[in-house]
Every structure is written in C-alpha cells, then in structure tokens.
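Everything below concerns the one structure shown next.
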Amino acid sequence: MELVVRKNDLLRELQLFQGIVERKNTIPILANVLMEAKGDEVRFLATDLEVGLRSQCVASVAKSGSLTLPAKKFYEIVKSLPETDIRIAEDKGGVKVAADRFDSRMQTLPREDFPTLPEGGAAPSATLPRSGLKEMVAKTQFAITGEDTRYFLNGALFVLYPESMSLVATDGHRLALVTVPRNGTTDQGGGAPAKRDRSTATGSKDVEEVRAILPKKTLGELGRLLAEGDGDIRYERGENHLFFDVGGRLLISRMIDGQFPAYERVIPKGNDKHIEFERDRLTNAVKRVALLSNERSRAVKFQIDRGKVDVTSSSPDLGEAHETLPVDYSGEAMQICFNAQYVLDFLSAGATDIVSLELKDEVSQAVMKPVGAEGYEYTYVIMPMRV
C-alpha cells in the first residue's frame, strides 16, 4: 500500500478514533486502526468490539492495499507534523510515515487479525434530525452510571416513535428523559421493525415504537460525531447491532441486551408544589453552598417557605453555608435534600433562563424541567436524600 494524504484530512479522522480505541486491552490488534486504500480514498476502521467506527478521507493512492497501525501513536505523529502532504507506504514488515523532512517507520500487526464488523444496510433504516439527536445525547448521557451490576443501566434507552423519539437514562438516583419531534423525517424500507407497547410516555393507546439500549460509550462517541457538520442521521437497528450514519461516518454499536426499567412509572404525576428559579442564580447558589457540604454525600438542603428558598449545607468537618433565593411561592413550608452534583448536572444541561422544581413532599421524587424549552421536552427526576 502506498498513498499521499493531506495532514488535516487525516488528522480529523484519526482524532475521532481516539475515544474508541482503548489504551489497555488484552487483544493487541484492537489498539490499531485498519486502513484500506483504494481508488481516490483511504478508509479507516477501529473498534473495541462493543463500539466501532468507519470513516474515510480523500487520498492520492499510488498502490492500493490494507494495513493496520497503532491508533494512538499514529495520531500523535500526524498531529505533530507541519501542515503538508503525508506519505504512507508499506516497507519491510513495517509502515513508513513521512512528511516534509520527517521520516519514520512504524511497527504493524497483520491485517488478518483485525476483527470483522457488520456492514449495516440489511435492515430498514430511519432518518433522524441531527439537532434533535444532539440535544438528546447532551441532556441524558451524564445520568448513565457506567458501572452498575445491572448492566442494562450502563446505557440509555432509545425509543423511536413514528413522529418523535426519546432517550432515557437513569442510575437509580435520578432519571433524564428527552423527547424531540422527528420533523417529518421518514423511514426507508417500510420503517424499522416495530414493537407494540402499551406503556409508553405518550398515553394509553398502542403506539408503534422501536426500542434499543445504547451503551454509554456509544452515546459519548455519537455526541462527538454530531458536534460538527449538518444534515440528518441515518439510523438502522440490526439484530444485535445499531448503526448511525453521521455525515458519511458509520458508528457501529452492540446493543445492550436486557429489559430497561419501566421509566414511565418513575415520573411522578402528583407533585403539586411548583417553584420557578432563574437558572444561573440557582446554579451559582448551589455551587457556592456545596463547597461546605459533606464531601461524600454532597448534600444540599432546599428550605422552602413563602417567597423564598434557602439553599443550605453543613458538614461537621468543614462548617456550614446558606444562600437565600427569592421565589414566587405561597404554599406550605417544607424542606428537601438533594445531591448537589445531580442538581448541577441538570442545570448545566438545561438551556433555558428559567427552570422549574415540582415537589410533593420531602421523601418523594422531585421533577425538574426547563421552562419554555423549544424543540424538545426535558424531564429530570431526582430522588431526595435522607440526611
């Protein structure tokens, strides 16, 4: 194999593989990226056997072929080079990488050792709006635990309806649910295989829906791919894998096999106490007060009274703090305790100026929502702490 490629074109693709390739793994070939040169492009593939990514960039190919290179070290070398053409060629059991006056020879592993990944295209596909998907990932991925023995909680539930789509994540202490409209995007090939389910967030009647649990790592990589570019996303749900075509780059993910909790039952319906806050003011108050909270529990208390909410914290080792926020509230006085980080996660994800807190009592789950959000519905359920 022999080719010449622009540094920036190559760097942009290699950067996307850095989160997929694990530094520590027991299978050496998984630390490598597979490169296949043919025609006027070079194609790349990397995987950790749970998540994989295919991409390509334009190249001047003198001799077609395929080889593997260590993904991290190859990226570091390309990143360090000046903005110029990079020459890549097989050479005596290794690979020469050269540019300008720089010359190197890297060790390679046999292309035959690289695992085969599914291609996609066998199942019907659906078109998803990029902005909606991006919104969903950003507002839910922090609520996935990633290390729960209940492996189905190590991912987020993606639910595709004919007119909308939802993403749900929970770690058992809080739950984030985002629903966005699909804006007239269509399904190809008759739509993905539908599962009928009565217990949906949209009400009592049967709704056609397709469910899949996405691993936490998949969501992180999807978020990175969605960060640049525009245009809709093609989504396909295979038998064991999910495929997201993002601007010509194909993210391939194993599905988590398991029964996701019935999240609709977790969202309380009878929270009758409603308080609205300025998001920035509440964020700053919680950040300041949490500095003197118990370092293990991170507990902050909301003492709610007519016209005001006192955000307080105390720790035998550190001391105590409180800040008063004026609010429009005329109900009965009560207090409720939350993990400060859980509150701050929601406040940083919600983009509206005003947020609401809906409560029932000090032991029932609370609901936080952005007020006046456009283009999405966001519900955040948070369990109170007993301190």
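The values are calculated or read from the model by the stated rules, or taken from the named source; none is laboratory data. As the structure is a computational prediction, the values presented were derived from the model and not from experiment. Note: ideal-geometry Cβ built from the backbone for every residue, glycine included; neighbour counts use all protein chains shown. To get the accessible areas, we keep the full protein, side chains included, count just its heavy atoms, and leave off ligands, DNA and RNA. Shrake-Rupley method; radii C 1.70, N 1.55, O 1.52, S 1.80 Å.
Here the dipole of the range 100-150 is about 240 debye; that uses its Cα centre as origin and unit charges on the Cβ of Lys and Arg (positive) and Asp and Glu (negative).
I'd like the projected area of the chain, averaged over all directions, using the convex hull of its alpha carbons. Report it in nm² with one decimal. Mind dumping the intermediate values first?
Numbers: hull surface 91.1 nm².
Computed as one quarter of the Cα hull surface, the answer is 22.8 nm².
Using the 1.4 Å probe convention, the accessible area of the range 28-128 works out to 49 Å² per residue with neighbouring protein chains retained. Rounded to the nearest 10 degrees, what's the angle between the helix 71-80 long axis and the longest principal axis of the chain, both from Cα atoms, 0 to 90? Long axis of 71-80 versus the principal axis of the chain: about 80 degrees. Annotation: aspartates and glutamates with alpha-carbon distance below 18 angstrom to K7 (same-chain offsets under eight excluded): E36, D40, E41, E76, E83, D85, D100, D103.
Of K79/K217; K217/K273; K217/K360; K308/K360, which sit over 28 Å apart, Cα to Cα? The answer is K217/K273; K217/K360.
In terms of the ratio Rg/(2.2 N^0.38 Å) built on C-alpha atoms, what value belongs to the range 1-145?
Values: Rg = 16.7 Å, N = 145, 2.2 N^0.38 = 14.6 Å.
Normalised Rg, Cα atoms only: 1.15.
From the Kirkwood radius over Cα pairs of the range 208-280, Stokes-Einstein at 25 °C and 0.890 mPa s returns a whole-number translational diffusion coefficient of 159 µm²/s.
Dipole of the chain (Lys/Arg Cβ +1, Asp/Glu Cβ -1, origin at the Cα centre): which of N294, V168, G52 lies farthest to the positive side? In the chain, that residue is G52.
The calculated Kirkwood hydrodynamic radius for the range 78-145 is 17.2 Å, given to one decimal from all distinct C-alpha pairs.
Each of the peptides 241-247, 150-156 was scored by the mean count of other Cβ atoms within 10 Å over its residues; in descending order, highest first, they stand as 241-247, 150-156. Atom-type composition of the exposed protein surface of the chain places 46 percent of the accessible area on carbon and sulfur (1.4 angstrom probe).
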